[in-house]
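Read the figures in this text as sums done on the coordinates, not as results from a lab. These numbers come from a predicted model, not from an experiment. Note: ideal-geometry Cβ built from the backbone for every residue, glycine included; neighbour counts use all protein chains shown.
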Amino acid sequence: MITVIEFSHVTKQYPDLVALKDLNLTINDGELFVLVGPSGSGKTTLLKMINRLVVPTTGSVKIDHQDVSQTNIRLLRRGIGYVLQTGALFPNMTVAENAAIQLDNLGWDPQKKHDRIVDLMNRVNLDPDVFLAKMPSELSGGEAQRVGIVRALAGRPKLVLMDEPFSALDPVSRRQLQKIMIELHKQIDTTIVFVTHDIHEATLLADRLAIIHNGVLLQVGEPDHMMANPADDFVKYFFDAEDSGSRLLEQVVASGLGRPKTAADNVIELRNDQTVYEWAGLLERNPKERVSVDGLVLTASDLISYIADFAKGGQR
């Protein structure tokens, strides 16, 4: 197997903190590799070292055995797709123009460029006839992020970096895009490095994943193996959080939490077969959001009570 990315004894020191500590990691050709850890763990810092948005204090980063610090930065980034947390589309350009930016830089023939964009739009379930002429202001968050993915893949890069690309989306859009990424990765010959703080998302997407905490690489491996063989208590805790996230809202209601819904309640309706993970995703964006399940209103305090009781081994 060809080695695509090698981090060797990488440290990143800032004046007030050490973001990464003597980290060694190899990411292989064709993998959908996920970097996962809590906010501030160092995973985005590590990702940005690949395209030299961040430079290591010590250590080296190599792509195909070539140190990125010795590579022409324009050529380096031209060969790497990059998807940010939001679509980051240019507001004064159409979807077609946004999607084709990299192809314009590469000097693609207009017809070839059009055919490539149309193909990718179809792959991310956006009808080209409907969306190519639209402006970014006319798109939902999920639609804009799909266009961002098309733009990143358009030039057939060998490597794509994705920095928490779905974290700002609602649970339904997030689930749809996760499914799209799984299918895209099966169809394209590209290595993907994906950053998330969500272990549920990491285990769903990853061929292999790395858990990072406080700048230290704790464990690397296939999700099922790591779940069964956690390297330490923190890794075990992280996977336990994933297990709690897969529990259904019908279990929350059955536990006795919530109060009856009234006509005055302004709430988001959720099905009882949706997960605690999806509910938590709503609260991440708006901690005061209330939801209704089977005629009962649930709040953030109900989620905290449910998780606390679950962690103690209660019936909830």
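Quick one: go through segment 90-105 and flag any residue whose amide nitrogen is under 20 Å from the point 7 Å out along the Cα-to-Cβ line of residue 137.
Label zone hits: 90-99.
Could you state the angle between the C-alpha long axis of helix 110-123 and the longest principal axis of the C-alpha atoms of the chain, as a value from 0 to 90 degrees rounded to the nearest 10?
Between helix and principal axis, roughly 20 degrees.
What's the angle, to the nearest 10 degrees (0 to 90), between helix 276-285's Cα axis and the longest principal axis of the chain?
Compared with the principal axis, the helix lies near 70 degrees.
Report the extension gain between residue 225 and residue 284 in nm, rounded to one decimal, defined as 0.36 nm multiplied by the number of residues separating them, less their alpha carbon distance.
18.3 nm
Compute the long axis of helix 141-153 from its Cα atoms, compare it with the longest principal axis of the Cα atoms of the chain, and write down the angle in degrees, 0 to 90, nearest 10.
Here the helix axis deviates by roughly 30 degrees.
Could you work out the relative contact order of the chain, using alpha carbon pairs under 8 angstrom and six or more residues apart, expressed as a whole percent?
Working: 553 pairs, mean separation 60.1, N = 316.
Relative contact order of the chain: 19 percent.
Based on DSSP H runs of at least 4 residues, each adding -39500 (n - 2.57), what is the mean residue ellipticity at 222 nm of the chain after dividing by all its residues, to the nearest 500 deg cm²/dmol?
Calculated mean residue ellipticity at 222 nm is -11500 deg cm²/dmol.
Would you mind getting me the FRET efficiency between residue 264 and residue 179? Use the beta-carbon distance for r and R0 = 25 Å, nearest 0.05.
That gives a FRET efficiency of 0.10.
Of the listed peptides 139-145, 29-35, what is their order by residue-averaged count of other C-beta atoms within 10 Å, with the highest listed first?
29-35, 139-145
In nm, give the distance between the simple-model label positions of residue 105 and residue 127, each being 7 Å from the Cα along the Cα-to-Cβ direction.
Once both label points are built, they end up 3.2 nm from each other.
So what's the Cα pair-distance distribution over the chain, bin width 10 Å, in %?
Bins of 10 Å from zero give 6, 24, 30, 24, 13, 3, 0 percent of pairs.
Give me the extension gain from residue 294 to residue 92: residue separation times 0.36 nm, minus the current Cα-Cα distance, reported in nm with one decimal.
This chain segment gains 68.3 nm when fully extended.
With labels modelled as points extended 7 Å from the Cα through the Cβ direction, what inter-label distance (nm, one decimal) is found for residue 308 paired with residue 67?
5.3
Provide the gained length on full extension for the span residue 254 to residue 214, in nm with one decimal, where the gain is 0.36 nm per separating residue minus the Cα-Cα distance.
10.7 nm
Ranking 292, 137, 69 by Cβ neighbours within 10 Å, fewest first, what do you get?
Fewest-to-most Cβ neighbours within 10 Å comes out as 137, 69, 292.
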